[in-house]
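First the structure, in the form of structure tokens, and then the observations on it.
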Amino acid sequence: MEQFVLDDILSHLEKPARYLGSEWNTVHKDWDGASVRMAFAFPDLYEVGMSHLGLQILYGLVNTYPDYLMERVFAPAPDLEAELRRRGLPLFSLESHRPLRDFDILGFTLQYELTFTNILNMIDLAGISLLASERSAFDPLVIAGGPVAANPEPLAPFIDAFVIGEGEEALPEILAAIRQIKLDNTRWERGDILKKLAGIPGVYIPSCYSVEYNREGRVQGFTGLCPDTPSQVRRRLVPDLDTVYYPTAPVVPLVEAVHERGMLELFRGCTRGCRFCQAGMIYRPVRERHTGNLHRQAGEIIDNTGYEELSLVSLSSLDYSDLDGLLQPLRDRCARSRTGISLPSLRVDSFSVDVARQLPGGRRTSLTLAPEAGTQRLRDVINKGVTEADLLDAVAAATAAGWSAIKLYFMVGLPTEEQADLEGIGDLVRKVRQTGRSAARGKHKLRISVSASSFVPKAHTPFQWEGQLPRPLLAERHAFLRDLVRNSGADYHWHDIGTSFLEAVLARGDRRLAGVLVEAWRRGCRFDGWTEHFHFDRWQESFRAVDLDPEFYAARKLAYEEVLPWNLIDAGIDREFLIREHRRALAGVATPDCRRASCEGCGVCPALEVEPQLVKKAPSNLSGKLT
Amino acid sequence: MPEYRIEYSKKNSARWLSHLELIRTFIRALRRSGLPLVFSQGFNPHPKLSYGPSLGVGVAGMREYLDMDLVTGLPLAECLSAIAQQFPPGIEIRCLLELPPSAPGLGKMVNCAWYRLALPAGQNVDAWQQTVDRLVGDDLPIYYQRPKDGKLFDARSALAACRLAAAEDGLILDLLVELGGGAVSLRGLVETLFSLAATAGCFEPARVTRMALLRHNGGFVNPIGERKQLWEA
Ligand code: SF4
């Protein structure tokens with residue numbers, strides 16, 4: 001359908017360049033020469049998906065195999081969906097503009113719960129049955145992976161197989177299995193194919209389990225339906241990042257993406273241990289790349305893309321243990337090609353600000369810092385090792401260095417939060433302003449803005465048993481905080497409460513929510529993470545239609561003894577560790593980072609048979625503010 | 001610092017790039033090429049490039065231009081081979097020349113553009129011929145109402161010449177459009193012509209190709225100094 005797409009459809013679209021598939025560094029493989037063909041599906045707009053490292057990694061990796069082919073597809077914008085439906089055409093891949101049905105595998109990446117309706121929509125537009133149970137052996141295999149697969153249950157009926165954890169090793173194993181099945185002449189039943197995949201570590205086949213619920217509607221247990229289904233599926237991870245594929249010739253977007261920059265991944269995993277943070281749990285332990293390797297990758301990325309900026313993407317990049325060894329040569333390399341270096345997030349201390357200041361192109365207009373909570377008490381509860389002094393030092397350093405705008409991130413509705421904690425945010429903002437004023441010495445005015453999100457309890461974190469505050473209460477707290485912040489002379493923005501509520505429902509949801517997803521999709525819900533597309537009323541109708549109470553999922557505090565809907569997924573973290581962390585949170589006791597102190601016994605290293613990998617073992621010269 | 005002019009074409013799938021998308025594509029391609037570009041001062045330095053008049057999304061361009069400054073002069077062949085392989089499909093570098101020191105910039109130099117419209121199938125040839133005859137024959141204004149504010153303009157003020165011709169696969173309409181007036185867009189002009197010809201059809205960017213950018217000054221000259229006749233490719 002290539003010619004048709006190019007001639008007939010593009011002229012009706014607002015941004016046709018999203019669908020050309022002719023970006024720099026794309027791979028156009030010979031279709032007939034490939035033994036396994038997979039479409040990588042990103043269930044959000046091109047602009048979002050093209051900024052995503054995981055896509056570039058798997059796209060590049062799979063296409064390095066001579067007989068595997070991978071192409072991309074993104075969630076169609078509403079204008080393309082309308083064109084496709086009006087003409088009865090299927091959704092197509094970007095590189096060869098072929099219908100998704102022609103591929104062996106359609107693989108979704110799960111980055112955010114509010115893309116779930118897009119996944120349903122893309123499966124439907126591909127002409128594939130929504131329900132895995134209704135697909136035949138001739139349909140593409142629909143798989144999914146990514147951080148949100150940490151609790152895949154709400155998507156269970158739609159997905160044939162989930163990949164739990166990092167995909168660099170597991171995905172080629174899946175492709176190899178499919179190649180073998182295709183080479184084999186016997187006619188495989190779909191069930192047999194799935195059973196074969198179930199033998200691959202990290203692959204979770206939801207149809208191999210049934211879920212039982214008790215009278216209160218809680219999950220009571222799981223029953224394996226196939227002979228050798230494991231009782232839990234353990235997360236996969238790459239033990240050594242220096243030996244694994246990394247994309248140094250990533251696809252350069254044609255349409256301006258959310259982030260237009262090369263990505264250098266210094267390490268995976270963060271063990272600072274913020275208790276609300278899922279990423280901080282499910283990517284453990286810390287695994288750093290060697291500086292030499294990073295320098296080589298940086299040079300290749302710059303040469304191969306022509307990007308103006310290189311971003312050091314990791315969960316807390318300045319925790320890298322050999323920062324001096326990394327940055328000096330990197331600065332020189334980037335100065336030669338006029339490439340800026342940026343950090344996606346900054347640790348809250350003056351050391352980080354100083355490092356950022358010395359990066360080429362690093363002094364941008366706005367600096368973002370995330371203290372997350374307004375009082376030391378609450379910051380101890382969430383284990384965010386930041387003090388007021390850290391914050392004010394950082395602000396002073398930033399203002400003196402010429403930054404004129406500071407963005408502060410906070411979370412509202414954290415466990416144990418009281419009015420005093422919100423007032424604490426107001427106090428902090430005032431102090432930030434004073435500090436900024438004296439550090440600027442009248443040279444410029446510091447603009448301060450506060451961004452507040454609502455706490456969402458996530459699976460596999462110490463706060464997984466906590467509930468989200470009911471929406472009216474959240475709205476009240478945001479309103480209270482808004483007035484405080486505005487009175488302290490800063491702007492206030494908050495994340496839509498309905499969106500955060502739905503995120504909480506889905507993040508701790510079970511399989512029954514699949515029915516809600518179908519109802520919401522039928523009612524036209526798409527791009528729910530985009531405020532302009534979010535229709536809370538349609539979601540409420542959808543919950544009513546299947547007779548499920550969303551509050552049950554979002555607001556309820558769970559008991560330690562309960563069977564959790566995501567119990568089939570083993571992230572490698574010890575349940576006892578999470579309970580201990582939860583108790584310490586309630587007692588306001590901080591837990592140090594195992595990167596600097598000793599092992600805290602989260603259980604990941606023994607369970608997954610790995611060890612933290614630091615390129616420089618000695619205590620670093622970082623300020624190491626965690627106590 | 002030596003200044004160079006690149007002549008390129010933007011066609012096939014690349015026609016769907018917007019002007020901004022095209023600019024970013026150029027910047028990255030030139031950065032990849034390793035040429036000694038001249039950068040602006042400041043925290044976020046930009047290469048010094050200047051572009052010709054923008055092309056709409058979907059409109060192809062056969063001979064488009066871009067000027068760039070380099071820190072040091074390089075042999076043209078070396079420059080050309082450095083950049084030629086750096087572009088996504090649909091963008092082709094046609095030629096490169098070093099500009100004399102006092103050469104006017106593209107914006108100053110170019111004052112008209114030749115657009116070619118491939119008319120949709122099944123058009124009424126007589127109606128179009130009459131329209132063209134009227135356009136070249138008399139001076140009566142042809143009104144165009146600008147949608148955004150309802151103001152009336154004479155569509156002919158934007159049109160320097162026009163002809164109807166038969167091509168292999170249908171009728172083509174050639175329009176020589178004055179640049180710089182800005183009052184009547186290409187879309188507005190084409191839609192006015194369609195309503196004048198009283199035939200069904202609308203502005204379809206994919207049917208439009210910009211054949212040339214020219215300076216009209218008695219005769220015609222293009223940005224790389226070639227003298228041209230009217231409608232000479
Ligand atoms: S097991 Fe110990 S060393 Fe390994 S990630 Fe957990 S706390 Fe850190």
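The values are calculated or read from the model by the stated rules, or taken from the named source; none is laboratory data. These figures come from a predicted structure and were not determined experimentally. In this analysis, Cβ positions are derived from the backbone assuming ideal geometry, glycine residues included, and neighbour counts consider all displayed protein chains. These area figures cover heavy atoms from the full protein model, side chains too; ligands, DNA and RNA do not enter into them. Shrake-Rupley method; radii C 1.70, N 1.55, O 1.52, S 1.80 Å.
Things to note:
- For peptide B:40-52, the mean count of partner chain Cβ atoms within 10 Å of a residue's Cβ comes to 2.
- Taking a ≥ b ≥ c as the square roots of the eigenvalues of the alpha carbon gyration tensor, the stretch A:376-479 is prolate, as a/c is not under 1.5 and a/b beats b/c.
- Directionally averaged projected area (convex hull, Cα atoms, the stretch A:439-588), nm²: 12.6 nm²
- Residue-averaged beta-carbon neighbours from other chains (10 angstrom radius) around B:10-20: 5
- Shape summary of the stretch A:108-194, radius of gyration then Dmax from alpha carbon positions: 13.4, 41 Å.
- The heavy atoms of residue B:78 offer some 100 square angstrom of accessible surface to a 1.4 angstrom probe.
- Convex hull volume per residue in cubic angstrom - Cα atoms of the stretch B:112-228: 120 Å³
- The interface between chain A and chain B buries about 2100 Å² of solvent-accessible area in total (1.4 Å probe, ligands and nucleic acids excluded).
- Exceeding the 24 Å Cα-Cα cut-off - candidates A:407/A:445; B:151/B:228; A:384/A:431; A:15/B:10; A:431/A:458; A:15/B:11: B:151/B:228; A:431/A:458
- Centre separation in Å (Cα based) which lies between the stretch A:563-580 and the stretch A:298-360: 35 Å
- Residues in the stretch B:112-228 average 50 Å² of solvent-accessible surface per residue, probe 1.4 Å, ligands and nucleic acids excluded.
- Sites residue B:224 and residue A:124 - FRET efficiency at Förster radius 45 Å, r taken between beta-carbons, to 0.05: 0.30
- Charge tally around residue B:28: other residues with Cβ under 14 Å, Lys/Arg +1 each, Asp/Glu -1 each, net -2.
- Loop-located chymotrypsin sites (Phe, Trp or Tyr not before Pro) across the stretch A:495-556 with a Cβ neighbour count of 16 or fewer within 10 Å are A:530, with loop assigned by DSSP.
- Put a dot 7 Å past the Cα of residue B:95, heading toward its Cβ, do the same for residue A:611, and the two dots end up 6.7 nm apart.
- Accessible surface, per residue, of the stretch B:3-107 when the full set of protein chains is kept, probe 1.4 Å, Å²: 41 Å²
- Extension reserve of the residue A:562-residue A:226 stretch, reckoned as 0.36 nm per residue once the Cα distance is removed: 118.5 nm
- For residue A:134 and residue A:86, a Förster radius of 30 Å and the Cβ-Cβ distance give a FRET efficiency of 0.75, rounded to the nearest 0.05.
- Here the accessible area is traced with a 1.4 Å probe on the protein chains. For the stretch B:112-228, carbon and sulfur cover 49 percent of it.
- Rounded to 5, percent antiparallel among DSSP beta bridges of the stretch A:3-234: 30 percent
- Taking all protein chains as shown and a probe of 1.4 angstrom, residue B:232 keeps an accessible surface of around 70 Å².
- Probe 1.4 Å, all protein chains present, accessible-area order of A:18, A:333, largest first: A:333, A:18
- Cα convex hull, the protein assembly as shown: 192 Å³ per residue, rounded to a whole number.
- For the stretch B:3-107, with all protein chains in place and a probe radius of 1.4 Å, 57% of the accessible heavy-atom surface sits on carbon or sulfur.
- The residues of the stretch A:1-155 have, on average, 29 Å² of accessible surface per residue, using a 1.4 Å probe with all protein chains present.
- Carbon + sulfur, % of accessible area of chain A - ligands and nucleic acids excluded, 1.4 Å: 50 percent
- Calculated FRET value between residue B:204 and residue B:161, using beta carbons and R₀ = 30 Å, to 0.05: 0.85
- For the stretch A:252-276 versus the stretch B:1-72, the spacing of their alpha-carbon centroids is 28 Å.
- Debye log10 I(q)/I(0) at q = 0.14 Å⁻¹ for the stretch A:3-234, Cα point scatterers: -0.89
- Paramagnetic label zone (point 7 Å from Cα along Cα-to-C-beta, residue B:232; backbone N under 14 Å) in the stretch B:1-28: none
- Two-site label geometry, residue B:80 and residue A:486: point separation in nm, points 7 Å out along Cα→Cβ: 6.3 nm
- Convex hull per residue volume in Å³, alpha carbons only, for the stretch A:1-59: 115 Å³
- Reciprocal of mean inverse Cα separation for chain B (Kirkwood radius, Å): 19.2 Å
- Radius of gyration and maximum dimension Dmax of the stretch A:527-578, Cα, Å: 15.8, 42
- Each stretch of four or more DSSP H residues adds -39500 (n - 2.57); spread over every residue of chain A, this sum gives -10000 deg cm²/dmol at 222 nm.
- For the stretch A:495-549, fraction of C-alpha pairs farther apart than 19 Å, in %: 18 percent
- Within 10 Å of each Cβ in B:88-97, the average number of Cβ atoms from other chains: 2
- For the stretch B:3-107, the alpha-carbon coordinates run over 35, 33, 27 Å along the three principal axes, in decreasing order.
- Summing charges over neighbours of residue A:494, with a neighbour being any other residue whose Cβ is under 10 Å away from its Cβ, gives +1 when K and R count +1 and D and E count -1.
- Listed by chain and number, the lysines whose alpha-carbon sits under 23 Å from that of residue A:617, ignoring those within fewer than 8 places in the same chain, are A:625.
- Its Cα gyration tensor gives the stretch A:325-443 an equivalent ellipsoid; the semi-axes, largest first and in whole Å, are 30, 17, 10.
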